[in-house]
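Input: a single structure, listed below in structure tokens.
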Amino acid sequence: MKKWLMGLLMVSMAAVLFGCSSGTSSTGEVSVLDDGAGEEAVKLKYWTFVELHGQHFQSMLKNWNEDHPDRQIKLEVTVMPYDDMHNKLSIALQTGQGAPDISDIEVGKFPDFLNGTPQLEPLNDVVEPYKESIVQSRLDLYTKDGTIYGLPTHVGAAVAFYNTEILEEAGVDYKSIVTWEDYKKAGMAVYEKTGKYMGTADTSAGWQLSMMLAQQGSDFTDAEGKPVVNSPEMIKGLDILKDLQKNNVLATIAGGQPDTEEAYGEFNTGNYASAMMPFWFMSRYVNYMPDLQGKIAIAPIPVIEQGMPPSYGGGGTGTVVTKQTKEAQLAKDFLAYAKLTLDANINIWNTLGFDPVNTELWTQEDITHNKDNKFVQYFQNNPFEVLNEIKDGISLIKSTPASPTINNELYTTTLNEIFENDRDVTEALNAAQSQIEQQLK
């Protein structure tokens with residue numbers, strides 16, 4: 001436990017969720033990066049709420065200036081708290097003044113910036129050279145009416161993380177788990193033989209719900225963006241999860257979901273045998289759960305029925321070029337260079353541990369199987385072997401203007417009622433649908 005606490009303290013200052021949800025940096029710092037730029041370099045401003053994103057751009061800026069001596073850039077990077085940055089950007093775009101050239105926008109906030117006529121530059125032209133190798137669903141996330149307005153940082157492909165030490169003690173082979181029924185049988189054996197739970201019943205986040213909906217080709221909203229949280233697909237998915245809880249396969253966890261400081265300790269001490277989370281959760285294992293090194297295997301998530309899509313893209317940050325820039329083409333070209341090129345994605349993988357959106361990297365074994373990479377060292381099997389297995393089955397769960405209201409209701413009330421208070425699934429979802437509709441009037 002002391003080892004875990006020490007690791008937690010060492011990385012807590014950098015635990016900004018890496019653009020995967022509303023993680024923030026509170027530094028408010030402004031840095032001007034020139035990285036070899038000459039006196040004629042063009043000055044561009046970049047806003048972000050994640051300090052590590054700024055560090056990535058710094059690395060890519062150096063390469064850009066070396067590769068483009070006639071189009072060099074000096075980049076002013078401003079890191080602000082999550083809400084402050086998004087609020088300031090929204091006001092700047094609405095008033096027509098004060099916006100940066102380039103900015104991050106977290107996926108949950110992105111729909112707000114697409115309302116009406118987006119004050120963002122179309123990026124289709126700079127995406128085109130990479131279109132065949134970029135995961136399409138991640139581009140769709142930042143697209144309106146066929147126009148791409150944001151470039152993704154990662155795929156966030158949801159996968160299963162299994163503690164093989166616990167499974168082996170129960171006589172379970174994680175490779176035999178294909179469906180949720182397989183998972184149930186394995187989990188019942190784990191509980192019977194070890195007294196531990198197979199996984200978590202999440203109450204404060206929607207990773208599990210998104211997986212269940214994606215497998216059934218459904219979503220939290222309909223084609224028009226209207227909430228449908230009491231859909232047959234949602235009821236079916238939650239009924240499966242509730243049945244797993246009743247059979248001691250799943251149990252609620254401190255913090256309400258795996259991606260919390262409280263939950264890291266529970267996993268690190270071996271109280272739960274698996275987590276179903278986006279690919280970026282690898283960084284949580286490496287940073288917060290050192291005692292599990294060599295024990296965690298990655299695999300596709302169980303499906304309701306064989307043949308269903310095994311994954312979806314969870315979380316994300318779209319980086320945009322605003323209409324207020326005076327150097328639109330330069331900003332767009334640099335952004336594509338920093339987010340979509342092979343070199344950019346190699347840097348994102350090596351430094352952040354994200355699953356790169358450029359799938360050309362996924363088959364380059366000198367990078368993906370590099371024994372010096374800390375993520376490769378930590379896990380029992382190679383993460384990219386799983387990514388290539390699920391490559392064609394990574395679905396899209398939309399982010400819409402209704403998403404914040406939906407999320408607030410489901411993750412503060414509904415899931416607690418179902419998993420903590422044993423409320424009937426259909427009854428709880430009907431109540432949630434009514435409440436959400438009322439709030440959105």
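The values are calculated or read from the model by the stated rules, or taken from the named source; none is laboratory data. What you are looking at is a predicted structure, and each value in this text was computed from that prediction instead of being measured. Here the Cβ is made from the backbone with ideal geometry for all residues, glycine too, and neighbour counts use every protein chain on show. Areas reflect the complete protein model, heavy atoms only, side chains present, ligands, DNA and RNA absent. Shrake-Rupley method; radii C 1.70, N 1.55, O 1.52, S 1.80 Å.
Please specify each residue of segment 107-125 satisfying the condition of being under 21 Å from LEU44 (Cβ atoms) and either in a loop (DSSP other than H, G, I, E, B) or in contact with a His (Cβ under 7 Å, 6 or more places away or on another chain) (or both).
Those that are under 21 Å from LEU44 (Cβ atoms) and either in a loop (DSSP other than H, G, I, E, B) or in contact with a His (Cβ under 7 Å, 6 or more places away or on another chain) (or both): PRO118, GLN119, GLU121, PRO122, LEU123.
Hey, could you check segment 168-197 for residues that are among the hydrophobic types (A, V, I, L, M, F, W, C) and touching a strand residue (DSSP E or B) at 6+ places or on another chain (Cβ under 8 Å) and say which is surrounded by the most Cβ atoms within 10 Å (Cβ to Cβ)? I'd like the intermediate steps shown before the answer.
Quick first cut of segment 168-197, residues among the hydrophobic types (A, V, I, L, M, F, W, C) only: 170, 172, 177-178, 180, 186, 188-190.
Imposing the further condition that a residue be touching a strand residue (DSSP E or B) at 6+ places or on another chain (Cβ under 8 Å) reduces the set to 177-178, 180, 190.
Numbers: ILE177: 24, VAL178: 15, TRP180: 22, VAL190: 26.
Here the residue is VAL190.
Starting from segment 239-252, keep only residues that are open to solvent by less than 40 Å² (accessible area, probe 1.4 Å), then list their pairs with residues that are among the β-branched types (Val, Ile, Thr) and in a helix (DSSP H, G or I) whose Cβ atoms are within a distance under 7 Å, requiring at least 6 positions of separation or different chains.
LYS242/ILE418; LYS242/VAL425
Can you name the number of the only condition in (1) in a loop (DSSP other than H, G, I, E, B); (2) modelled with pLDDT under 95 that GLY270 fails?
Failing condition for GLY270: (2).
Residues in segment 138-153: is at least one open to solvent by less than 20 Å² (accessible area, probe 1.4 Å), part of a helix (DSSP H, G or I) and out of contact with any His (no Cβ under 7 Å at 6 or more places or on another chain)?
Looking for residues that are open to solvent by less than 20 Å² (accessible area, probe 1.4 Å), part of a helix (DSSP H, G or I) and out of contact with any His (no Cβ under 7 Å at 6 or more places or on another chain), one finds at least one in segment 138-153, hence yes.
With the requirement that a residue be in contact with a Leu (Cβ under 9 Å, 6 or more places away or on another chain), among the polar types (S, T, N, Q) and not in a helix (DSSP H, G or I), what does segment 337-366 give you?
If the condition is that a residue be in contact with a Leu (Cβ under 9 Å, 6 or more places away or on another chain), among the polar types (S, T, N, Q) and not in a helix (DSSP H, G or I), then ASN358, GLN364 are the ones that fit.
What residue, of ALA189, ALA201, is in contact with a Ser or Thr (Cβ under 7 Å, 6 or more places away or on another chain) and more than 14 Å from LYS398 (Cβ to Cβ)? Steps first, please.
Numbers: ALA189 fails: in contact with a Ser or Thr (Cβ under 7 Å, 6 or more places away or on another chain).
Sole residue among the options that is in contact with a Ser or Thr (Cβ under 7 Å, 6 or more places away or on another chain) and more than 14 Å from LYS398 (Cβ to Cβ): ALA201.
Condition test on ASP372, is it surrounded by fewer than 21 Cβ atoms within 10 Å (Cβ to Cβ) and in a loop (DSSP other than H, G, I, E, B)? Spell out how you get there, then give the answer.
Working: surrounded by fewer than 21 Cβ atoms within 10 Å (Cβ to Cβ): yes; in a loop (DSSP other than H, G, I, E, B): yes.
Yes, satisfied.
Would you check if there is a residue in segment 91-98 being touching a residue at least 12 places away in the same chain (Cβ under 8 Å) and either under 16 Å from LEU335 (Cβ atoms) or within 20 Å of the chain's Cα centre (by Cα) (or both)?
no
I'd like to know if segment 238-259 contains one or more residues that are in a strand (DSSP E or B), within 17 Å of TYR411 (Cα to Cα) and in contact with a strand residue (DSSP E or B) (Cβ under 8 Å, 6 or more places away or on another chain). If you could, list the steps in order and put the result at the bottom.
Taking segment 238-259 as the starting set, the residues that turn out to be in a strand (DSSP E or B) are 250-251.
If we keep only those that are within 17 Å of TYR411 (Cα to Cα) as well, we get 251.
Going one step further and asking which of them are in contact with a strand residue (DSSP E or B) (Cβ under 8 Å, 6 or more places away or on another chain), we end up with 251.
Yes: segment 238-259 contains one or more residues that are in a strand (DSSP E or B), within 17 Å of TYR411 (Cα to Cα) and in contact with a strand residue (DSSP E or B) (Cβ under 8 Å, 6 or more places away or on another chain).
Within segment 126-137, restricting attention to residues that are assigned to a loop (DSSP other than H, G, I, E, B) and either small (Gly, Ala, Ser) or touching a residue at least 24 places away in the same chain (Cβ under 8 Å) (or both), which residue is surrounded by the fewest Cβ atoms within 10 Å (Cβ to Cβ)? Walk me through how you get there before you give the answer.
Going through segment 126-137, the residues assigned to a loop (DSSP other than H, G, I, E, B) turn out to be 131-133, 135.
From the residues that got through so far, the ones that are either small (Gly, Ala, Ser) or touching a residue at least 24 places away in the same chain (Cβ under 8 Å) (or both) too are 133, 135.
Numbers: SER133: 16, VAL135: 24.
Checked segment 126-137; the qualifying residue surrounded by the fewest Cβ atoms within 10 Å (Cβ to Cβ) is SER133.
LYS374 - would you say it is at pLDDT below 95, farther than 26 Å from LEU139 by Cβ and in contact with a helix residue (DSSP H, G or I) (Cβ under 7 Å, 6 or more places away or on another chain)? Give the steps one after another, and end with the answer.
Details: at pLDDT below 95: yes; farther than 26 Å from LEU139 by Cβ: yes; in contact with a helix residue (DSSP H, G or I) (Cβ under 7 Å, 6 or more places away or on another chain): yes.
Taking the combined requirement at face value, the residue satisfies it.
Tell me, which residue of segment 93-109 that is at pLDDT 95 or above and touching a strand residue (DSSP E or B) at 6+ places or on another chain (Cβ under 8 Å) is surrounded by the fewest Cβ atoms within 10 Å (Cβ to Cβ)?
At the first step, the residues of segment 93-109 found to be at pLDDT 95 or above are 93-105.
Checking which are touching a strand residue (DSSP E or B) at 6+ places or on another chain (Cβ under 8 Å) leaves us with 93, 99-105.
Working: LEU93: 20, ALA99: 24, PRO100: 24, ASP101: 27, ILE102: 24, SER103: 26, ASP104: 27, ILE105: 27.
The residue in question is LEU93.
Can you tell me which residue among GLY265, GLY313, GLY256 is within 17 Å of the chain's Cα centre (by Cα) and buried (at least 18 other Cβ atoms within 10 Å of the Cβ)? Even if it seems obvious, please write down each step before you answer.
Working: GLY265 fails: within 17 Å of the chain's Cα centre (by Cα); GLY256 fails: within 17 Å of the chain's Cα centre (by Cα).
The conditions single out GLY313.
Within the group TYR378, TYR411, which residue is aromatic (Phe, Trp, Tyr) and within 30 Å of THR359 (Cα to Cα)?
TYR378
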